[in-house]
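As structure tokens, the structure follows; a few thoughts come after it.
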Amino acid sequence: MTARELVLNFVNQYNKPFDAALIANMTGLEIKEVEPIISELLKNKTIKLASKREPIYARSNRFNTNVDKQIRPNWHFDPQAALALINLIEQGNYSSIRSIAEAFGRSRQWVFVYLEALASVGVIGVNQYGYCVLTKKDIGKVGIKIKRGILKELIAHCAELQKQQRQQAEIDAWHLKLEGSEPLEKEMIFFDAVNQAVMTNLHRVNPNNTK
């Protein structure tokens, strides 16, 4: 993917004001690579100055929901690269795009787009440890359909499940505190009574057995 395509992908997905340093940080490019592309995007009005005092920009049509359709065709998903990515995820616990990008040696922008594509076809999901591999059989479908925002949905769903688990643990702890040790003591008394009865019957059957 070219530097221009990386910058375009960032611009078309970022809805807040940004500068050259932020683009460089998010795409893994050098600022000197980003600045000429910014000048080009200013000229064709893809972006505009958000501040008259500082070089801060914003996407001109950042509220246009059709932007994604214009930019996604620029991404050419490689099934082998996608497979290498999910193999990496399968081997460790990665809870952030930054950590995956650092381990995989790709930009966070690249990792985000591939994760979004993989999640859209059900290859990856999110659990309490971070991103996880659900299946590898549909790896060839990566890029066929993209569900924007699916990563955010998965993370939110996982967070809700964790919240419910914490609440249930608190309820269980509260019940245990209210009940105290009485149920366990009753169970032990019952077990001892049964055990004593069994031993008595065994002694009657074989009175010579003193063990």
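Just a few scattered comments:
- Of the residues making up segment 29-59, those that are assigned to a loop (DSSP other than H, G, I, E, B) and surrounded by fewer than 16 Cβ atoms within 10 Å (Cβ to Cβ) are Glu30, Asn44, Lys45, Ala50, Ser51, Lys52, Arg53, Glu54, Pro55, Ile56.
- Any hit, segment 132-145, residues being charged (D, E, K, R), out of contact with any Lys or Arg (no Cβ under 9 Å at 6 or more places or on another chain), modelled with pLDDT under 85 and closer than 30 Å to Ala3 by Cβ: yes
- Arg72 vs. criteria modelled with pLDDT under 80 and in a helix (DSSP H, G or I): yes
- Which listed residue, of Glu153, Glu160, is more than 23 Å from Asn9 (Cβ to Cβ) and either surrounded by fewer than 19 Cβ atoms within 10 Å (Cβ to Cβ) or touching a Gly at 6+ places or on another chain (Cβ under 7 Å) (or both): Glu160
- Every pair of residues 6+ apart whose Cβ atoms lie under 8 Å, when the first sits in segment 150-162 and is in a helix (DSSP H, G or I) while the second is of a type in the set (D, E, K, R): Ile150/Glu116; Leu151/Glu116
- Lone qualifier among Ser107, Ser120 - being among the hydroxyl-bearing types (Ser, Thr, Tyr), at pLDDT 90 or above and crowded, with 16+ Cβ neighbours inside 10 Å: Ser120
The values are calculated or read from the model by the stated rules, or taken from the named source; none is laboratory data. Keep in mind it's a predicted model, so treat the numbers as computed, not measured. Because the Cβ atoms are built from the backbone with ideal geometry, glycine has one as well, and the counts that use them run over all protein chains shown.
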